[in-house]
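Enquirer: Take a look at this one; I'll ask things after.
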Amino acid sequence: IFEIGSKAKLMGLKHRGFKVIDLKRNVVLPGFIDSHLHLLSTGYNLLSIDLSGIDSLDKASSLISKTAKKLASGHWLIGRGWDKNLWADDMPDRAILDRASPNNPAMFHSKDGHMLWVNSAVLKLCGIYRNTPDPPGGSIGRDSDGKPTGILFENACELVTSKIPEPSIDLKIKALRKAVKKLNGLGIVGISDCDGYTNRLSLFKQAQEKDILSLRVFMMLAPDDVNAASSLGLKTGFGDDFLNIGCLKLYMDGSLGSQTAWMFSHYLGKTDNLGVSTMSNDELEMYFEKTHIQRISLAIHAIGDRANSELLKFFGRKYAISKKLGLKHRIEHAQVLRKSDIPKFKKYNVAVSVQPIHIIADRDLADKHWGKRAKYAYPYSMLLKAGAQMGFGSDSPIEDPNPFMGIYSAVARKKPGEDRPAWYPEQKLTVKQAVKAYTVG
């Protein structure tokens with residue numbers, strides 16, 4: 001786009017060989033940038049069983065059973081999107097999955113990605129038994145006899161995901177092609193990729209060579225990437241216009257959907273649950289020591305008010321070093337905050353990467369589990385007024401990557417066509433503010 005202006009101003013360019021488009025009073029927007037999205041996972045989701053929105057355990061089981069019958073015996077059956085909050089008191093377990101998928105190892109990520117539902121075949125393959133200890137920052141669901149139920153929480157999910165056979169390069173390219181086509185069709189031209197799959201840099205370079213990567217990728221690093229990045233001298237921003245190195249992506253806590261977000265006060269009605277801290281202070285210090293010398297910044301997942309507060313305190317302690325090295329760190333999600341912590345984003349130069357579509361997906365859960373604390377949940381207006389740099393994203397495939405749905409959620413704070421009032425309307429943004437967060441932000 002060479003120039004934008006009135007018809008009188010631009011029609012003269014037509015005679016100089018330029019193509020001039022009359023928008024007839026329609027709106028033109030910059031391409032959208034999704035600041036938090038899982039690119040390969042979005043592609044895999046388009047190729048696998050999607051349980052999103054299925055409102056009963058019976059319906060989910062039926063869909064899994066139909067798909068399993070078409071699969072060769074022994075092949076992994078993989079999907080995602082189940083939401084226990086839609087199933088009343090029905091919690092999935094290994095027995096249900098054993099009946100639905102008797103001949104295949106079966107594994108399904110929850111909608112929020114913080115729980116894993118597996119069958120007995122997977123538990124056996126991965127060596128998860130009655131006496132298997134809970135890993136740090138995670139737990140194995142167990143019945144009254146101590147036997148694993150087939151539900152794994154937080155870091156315990158890695159007991160399974162680390163054992164999944166590596167997909168072929170052809171399957172990865174197919175998934176990537178599907179994801180990129182879907183995102184380009186929604187007007188998305190750039191993303192921060194938060195996946196943790198191995199060999200992504202090589203995969204993306206292959207996709208570039210095949211002209212598949214028609215969006216700009218800011219590729220987050222996983223903890224396993226740090227040593228390699230250090231030895232190669234890679235730092236945040238290294239790369240070209242279409243593919244460069246992002247921050248180190250870490251997790252401070254769980255999620256609202258799984259009731260594992262780390263809170264100062266217990267979840268309503270659950271006096272023994274403050275959520276889960278998935279990373280110790282010692283680990284946080286260790287990762288900072290490993291990365292700051294290499295000029296790699298941090299992007300850390302934090303949902304609960306305690307997780308966000310602890311992170312902001314940590315970034316405050318590291319502010320002088322980070323400023324000297326030109327490092328801008330990020331907090332991913334920042335779903336519920338204490339009012340006193342909101343000004344610290346600007347004070348310590350910490351960007352906030354948020355997903356407004358979570359507002360319409362999570363408002364009832366937030367009210368149910370956080371009560372009055374939800375007044376400071378998804379507090380986008382307060383963050384902007386406090387001077388925070390805020391970028392919008394979708395967290396796809398956890399939510400719909402459509403940026404127009406994200407903008408609507410930030411502006412209306414309710415579902416399209418919904419009769420009830422906006423949720424905490426004082427936190428609404430203007431359309432201009434929302435578009436800015438999805439582009440400049």
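Enquirer: With a 1.4 Å probe and all protein chains left in place, how much of the accessible area of region 322-424 comes from carbon and sulfur atoms, in whole percent?
Expert: 54
Enquirer: Using only Cα atoms, what is the ratio of the radius of gyration of the chain to 2.2 N^0.38 Å?
Expert: 1.01
Enquirer: For region 312-410, what's the relative contact order in percent, using C-alpha pairs closer than 8 Å and at least 6 residues apart?
Expert: With pairs under 8 Å counted, the relative contact order is 32 percent.
Enquirer: If you keep only loop residues by DSSP, which chymotrypsin sites (Phe, Trp or Tyr not before Pro) in region 94-184 have at most 12 other Cβ atoms within 10 Å of their Cβ?
Expert: Answer by residue number: TYR129.
Enquirer: Also, I was wondering about something else. Step through the residues of region 109-124 one at a time and calculate ³J(HN,Hα) from phi using the Karplus curve (6.51 cos²θ - 1.76 cosθ + 1.60, θ = phi - 60°), rounding each to whole Hz and writing x for Gly and Pro.
Expert: With the stated coefficients, region 109-124 comes to 6, 5, 3, 7, x, 10, 9, 10, 10, 10, 9, 5, 4, 5, 4, 5 Hz.
Enquirer: Given a 1.4 Å probe and the protein chains all in place, what does the accessible area of TRP87 round to, in Å² to the nearest 10?
Expert: Spelled out: TRP87, probe radius 1.4 Å, area about 10 Å².
Enquirer: Which one, ASP193, ASP145, ASP240, has the greatest fluctuation when you compute a Gaussian network model over the chain with C-alpha springs under 10 angstrom?
Expert: In this elastic network of the chain, the residue with the biggest mean-square fluctuation among ASP193, ASP145, ASP240 is ASP145.
Enquirer: If the cut-off is a Cα-Cα distance under 20 Å, which aspartates and glutamates reach LYS124, setting aside same-chain residues fewer than 8 apart in sequence?
Expert: Answer for LYS124, where 20 Å is the Cα cut-off: ASP93, ASP98, ASP134, ASP143, ASP145, GLU154, GLU158, GLU166, listed by chain and number.
Enquirer: Cα-based count: Lys pairs in region 1-123 below 23 Å, eight or more positions apart or different chains?
Expert: So the count works out to 12.
Enquirer: How big is region 173-252 by Rg and Dmax over its Cα atoms, in Å?
Expert: Cα only, region 173-252: 12.6, 38 Å (Rg, Dmax).
Enquirer: Which three semi-axes in whole Å describe the equivalent ellipsoid of region 58-123, each the square root of 5 times a Cα gyration tensor eigenvalue, listed largest first?
Expert: Its equivalent ellipsoid spans semi-axes of 19, 12, 11 Å.
Enquirer: Report the dimensions of region 188-343 along its three principal axes from the alpha-carbon atoms, largest first, rounded to Å.
Expert: Principal-axis extents of the Cα atoms in region 188-343, largest first: 54, 34, 27 Å.
Enquirer: Moving on. Which values of log₁₀ I(q)/I(0), to two decimal places, follow from the Debye formula for region 32-157 at q = 0.10, 0.16 Å⁻¹ with a uniform point scatterer at every Cα?
Expert: Log10 of I(q)/I(0), two decimals: -0.31, -0.79.
Enquirer: Can you give the % of DSSP beta bridges in the chain that are antiparallel, to the nearest 5?
Expert: Working: 14 of 47 bridges.
Bridges in the chain are about 30 percent antiparallel.
Enquirer: What does the accessible area of ILE78 come to, in Å² to the nearest 10, when a probe of 1.4 Å is used?
Expert: Roll a 1.4 Å probe over it and ILE78 shows about 60 Å².
Enquirer: Can you tell which of GLU158, GLU166, GLU418 shows the greatest fluctuation in a Gaussian network model of the chain with Cα springs below 10 Å?
Expert: In the Gaussian network model the winner is GLU418.
Enquirer: What would the Debye formula give as log10 I(q)/I(0) at q = 0.15 Å⁻¹ for the alpha-carbon point model of region 284-354, no solvent?
Expert: -0.43
Enquirer: What accessible area, in Å² to the nearest ten, does a 1.4 Å probe give for VAL435?
Expert: 20
Enquirer: Separate question: Would you list which lysines come within 16 Å of LYS210, measuring only between C-alpha atoms, while excluding same-chain residues fewer than 8 positions from it?
Expert: LYS172, LYS174, LYS178, LYS181
Enquirer: For a test of understanding, tell me how many lysine pairs in region 336-399 have Cα atoms under 14 Å apart, given they are 8 or more places apart or on different chains.
Expert: For region 336-399, the number of qualifying lysine pairs is 6.
Enquirer: As a test of the formula, what do you get for the chain when each DSSP H run with n ≥ 4 contributes -39,500 (n - 2.57) and the sum is divided by the residue count, at 222 nm and rounded to the nearest 500 deg cm²/dmol?
Expert: Taking each H run of at least 4 residues, the total per residue is -10000 deg cm²/dmol.
The values are calculated or read from the model by the stated rules, or taken from the named source; none is laboratory data. Small disclaimer: the values here were computed from a predicted structure and weren't measured. We place every Cβ from the backbone using ideal geometry, glycine too, and count neighbours over all the protein chains shown. Ligands, DNA and RNA are excluded from the accessible area calculation, which covers all protein heavy atoms including side chains. Shrake-Rupley method; radii C 1.70, N 1.55, O 1.52, S 1.80 Å.
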